[in-house]
Amino acid sequence: MPPSPPLPRRAFLQQLGAAASLTLPGWSMAQPQRSAAIINPDSARPQMPSGVMSGDTSATQATIWSRSDRPARMLVDVANNASFNNARQFAGALALPSNDYSSRLDVSGLKPGETTYYRVRYQDLQNPAAYSETLSGSLQVPGGGRDIRFAFSGDEAGQGWGINPAFGGYRMYETMRRFKPDFFIHSGDQIYADGVLKESVTLDDGSIWNNLVTPGKAKVAQTLDDFRANFAYNLLDQNKRRFAAEVPFLVQWDDHEVRNNWFPGQSFGAKETRYQERSLDVLAQRARRAMFEYNPFRIDPLDPQRIYRMFNYGPLLEVFMLDQRSYRAPNSANRQSSLDADAAFLGQQQLAWLKQSLLRSRSTWKVIASDMPLSIVVDDANPDVTPGGYEASANAENGKPLGRELELASLLSFIKQHKIRNVVWVTADVHYAQATFYAPEQAAFTDFTPFWEFVAGPLNAGTFGPNQTDHTFGPQVRFCSVEPGMKQNRPPTEGRQYFGLGKIDATSRVLTMALHDIEGKLLYQVDIAPQV
């Protein structure tokens, strides 16, 4: 990789200012309790409690992320060799209390198909002679004539199942790491802000599941510091830190980053007594900010609250990350007959963006990452929502599109009309794995070309399902990882944790989609030939 100069000072200051605009003063970080008798010999220099991560990669660009434990400057070396010969050196953003001591750096000039190595350390702002240890990571830039491989899943630390050291922690991350994906799509529910952890849970066989519990996970998240503590908790797991140092993340959110099945404008009803803050909009703003602080998000300076975005990996692949929380209408019976504000799911602006982005794409494969499934029926059973409401787009009616289904129908018709080929969906939320083929000849709505959807998860949470399937768009369930009548909220010890793996052959351009369990066992696989 030829050397290139670091970011100009003005560009660097603009990035730093954009990051600072997302934050407010104040911080705290939930940590496991330490004995006062223990003296840390490294206490005089910055610590890096959350490891290093990369993310939001494209064919030439990546974002590098880490955290300090005190005010410090991020220092990054980037090279195309593990020895860091001729490395490019960058002074990254400042880690400050206003952003919970997190920082990031956008690096450009990467080469498709080439492994990029990076290392991060921090310089103490109050004691410039004090430096942290150096943590290293790497990332594989997709493309360059190579096959592309990506993983996807969601849902971690949910339903009372947190980090259990005796179980091996978040074992799914180590399993996925062994497959060496070029990047990982985290399909949401990165945290369970509304999920309180207990120190121990008795399983059906009488054995005990023991959770690592920090102060931040012993209560529901309400303050900004509470949400930060939830994200910090998951990075205590050594499997996740190791995976994150080697595999870039593409992240979206679902509901549990805030609260189960939340929607904009919602307020807690009287039956919800755990929260002093009653506005879900207030909680969502705090959650969004903490999510940005704790992930290698590339913040859009023109729209710093935006989560939906796309990533181009050259002629083989483009990935479209959706946001099905920020613009949705309230959860309802989902039977609206016209596509208006009451039926919004993506919202008018995001839907238009997705259509035009798909239309402009010149990549063979277009992967749409949706945090919620398309035809799986998800009820909203919250006590402060009108009974009979629905959380996802499907409404269990099986007839013509109504409510949120109208957005999906509009999108599918647009794809057909403009002959946009090779669109595949990856989704999550329901805590089991499923492969579904959609065919118009078996659908109530027929104005679309056939396509596939693959559902994966959970990473480390309770297993549920199977849910009812809505037949508006003609879904044919080719594989489901759980059986009817299964007892719900199954613990990770039962092995019913799932991830997906996609592989695009660089020569044939065939996309192979597979679903695996926590041990890496192949459960289902299909080869999808590209349409031309």
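Got at least one residue in region 512-527 being surrounded by fewer than 18 Cβ atoms within 10 Å (Cβ to Cβ), among the β-branched types (Val, Ile, Thr) and at pLDDT 95 or above? Yes, because at least one residue in region 512-527 is surrounded by fewer than 18 Cβ atoms within 10 Å (Cβ to Cβ), among the β-branched types (Val, Ile, Thr) and at pLDDT 95 or above. Check region 72-79 and report whether any residue there is in contact with a Gly (Cβ under 6 Å, 6 or more places away or on another chain), under 27 Å from residue 224 (Cα atoms) and of a type outside the set (Asp, Glu). The answer is yes, given that some residue of region 72-79 is in contact with a Gly (Cβ under 6 Å, 6 or more places away or on another chain), under 27 Å from residue 224 (Cα atoms) and of a type outside the set (Asp, Glu). Looking at region 67-78, can you tell me whether even one residue there is on the phi > 0 side of the Ramachandran plot and either open to solvent by 40 Å² or more (accessible area, probe 1.4 Å) or at pLDDT 95 or above (or both)? No: zero hits. Taking region 97-117 as the range and being hydroxyl-bearing (Ser, Thr, Tyr) and open to solvent by less than 20 Å² (accessible area, probe 1.4 Å) as the test, the residues that pass are 101, 102, 103, 116.
Here's a check for you: in region 488-508, which residue that is free of Cβ contacts under 8 Å to residues at least 40 places away in the same chain and not in a strand (DSSP E or B) is most open to solvent (accessible area, probe 1.4 Å)? Across region 488-508, the extreme among qualifying residues is 507. For region 229-242, the criterion of being in contact with a Lys or Arg (Cβ under 8 Å, 6 or more places away or on another chain), charged (D, E, K, R) and not in a helix (DSSP H, G or I) is satisfied by no residue at all. Evaluated against (1) touching a Ser or Thr at 6+ places or on another chain (Cβ under 7 Å); (2) part of a loop (DSSP other than H, G, I, E, B), residue 213 falls short on exactly one condition, (1).
Name the residue that is nearest to residue 379 (Cα to Cα), counting only residues in region 268-277 that are in contact with a Leu (Cβ under 9 Å, 6 or more places away or on another chain) and free of Cβ contacts under 8 Å to residues at least 60 places away in the same chain.
Taking region 268-277 as the starting set, the residues that turn out to be in contact with a Leu (Cβ under 9 Å, 6 or more places away or on another chain) are 268, 275, 277.
From what is left, the residues that are free of Cβ contacts under 8 Å to residues at least 60 places away in the same chain are 275, 277.
On the way: 275: 23, 277: 25 Å.
Only one residue tops the list, namely 275.
Looking across region 302-334, just one residue is small (Gly, Ala, Ser) and open to solvent by less than 10 Å² (accessible area, probe 1.4 Å), and that is 329.
Can you work out which of the residues in region 376-413 that are among the charged types (D, E, K, R) and in contact (Cβ under 8 Å) with a residue 24 or more places away in the chain is surrounded by the fewest Cβ atoms within 10 Å (Cβ to Cβ)? Give the steps one after another, and end with the answer.
Within region 376-413, the first condition is being among the charged types (D, E, K, R), and the residues that meet it are 379-380, 384, 391, 397, 400, 404-405, 407.
After this cut, where a residue has to be in contact (Cβ under 8 Å) with a residue 24 or more places away in the chain as well, the list is 380, 384, 391, 397, 400, 404-405, 407.
On the way: 380: 22, 384: 15, 391: 25, 397: 19, 400: 12, 404: 28, 405: 30, 407: 23.
For region 376-413, the residue satisfying everything is 400.
Residue 447 falls short on exactly one of the conditions (1) part of a strand (DSSP E or B); (2) free of Cβ contacts under 8 Å to residues at least 60 places away in the same chain; (3) in contact with a Ser or Thr (Cβ under 6 Å, 6 or more places away or on another chain); (4) not basic (Lys, Arg), and that condition is (1). So if I check each of 424, 477, which one is in contact with a strand residue (DSSP E or B) (Cβ under 9 Å, 6 or more places away or on another chain), in contact (Cβ under 8 Å) with a residue 24 or more places away in the chain, in a strand (DSSP E or B) and within 24 Å of residue 190 (Cα to Cα)? Criteria check complete, one pass: 424.
Out of curiosity, is residue 158 in a loop (DSSP other than H, G, I, E, B), in contact with a Leu (Cβ under 7 Å, 6 or more places away or on another chain) and touching a residue at least 24 places away in the same chain (Cβ under 8 Å)?
Numbers: in a loop (DSSP other than H, G, I, E, B): yes; in contact with a Leu (Cβ under 7 Å, 6 or more places away or on another chain): no; touching a residue at least 24 places away in the same chain (Cβ under 8 Å): yes.
Against the criterion (in a loop (DSSP other than H, G, I, E, B), in contact with a Leu (Cβ under 7 Å, 6 or more places away or on another chain) and touching a residue at least 24 places away in the same chain (Cβ under 8 Å)), residue 158 does not qualify.
Within region 290-301, being crowded, with 20+ Cβ neighbours inside 10 Å, over 19 Å from residue 120 (Cβ atoms) and not small (Gly, Ala, Ser) holds for one residue alone: 291.
Looking at region 33-46, is at least one residue open to solvent by less than 50 Å² (accessible area, probe 1.4 Å), at pLDDT 90 or above and within 30 Å of residue 148 (Cα to Cα)? Within region 33-46, none of the residues are open to solvent by less than 50 Å² (accessible area, probe 1.4 Å), at pLDDT 90 or above and within 30 Å of residue 148 (Cα to Cα). Residues that are free of Cβ contacts under 8 Å to residues at least 40 places away in the same chain and not in a strand (DSSP E or B) were ranked within region 83-95; the one that is farthest from residue 47 (Cα to Cα) is 85. Scanning for something in contact with a strand residue (DSSP E or B) (Cβ under 7 Å, 6 or more places away or on another chain), over 19 Å from residue 492 (Cβ atoms) and surrounded by fewer than 19 Cβ atoms within 10 Å (Cβ to Cβ), does region 263-278 turn up at least one residue? Among the residues of region 263-278, at least one is in contact with a strand residue (DSSP E or B) (Cβ under 7 Å, 6 or more places away or on another chain), over 19 Å from residue 492 (Cβ atoms) and surrounded by fewer than 19 Cβ atoms within 10 Å (Cβ to Cβ), which makes the answer yes.
Take the residues in region 129-145 that are assigned to a loop (DSSP other than H, G, I, E, B) and modelled with pLDDT of 95 or more, then tell me which one is farthest from the chain's Cα centre (by Cα). Filtering first and then ranking leaves 129. Of all the residues in region 358-373, those that are in a loop (DSSP other than H, G, I, E, B), open to solvent by less than 10 Å² (accessible area, probe 1.4 Å) and either in contact with a helix residue (DSSP H, G or I) (Cβ under 7 Å, 6 or more places away or on another chain) or not hydroxyl-bearing (Ser, Thr, Tyr) (or both) number 3. For region 224-235, state whether one or more residues are farther than 23 Å from residue 178 by Cα, at pLDDT 95 or above and open to solvent by 20 Å² or more (accessible area, probe 1.4 Å). So far as region 224-235 goes, yes, one or more of its residues are farther than 23 Å from residue 178 by Cα, at pLDDT 95 or above and open to solvent by 20 Å² or more (accessible area, probe 1.4 Å).
The values are calculated or read from the model by the stated rules, or taken from the named source; none is laboratory data. Predicted model, so just to flag it, every value in this text is computed and none were measured. Note that we place each Cβ from the backbone using ideal geometry, even for glycine, and neighbour counts take in every protein chain shown. The area values use the complete protein model at the heavy-atom level, side chains included, leaving out ligands, DNA and RNA. Shrake-Rupley method; radii C 1.70, N 1.55, O 1.52, S 1.80 Å.
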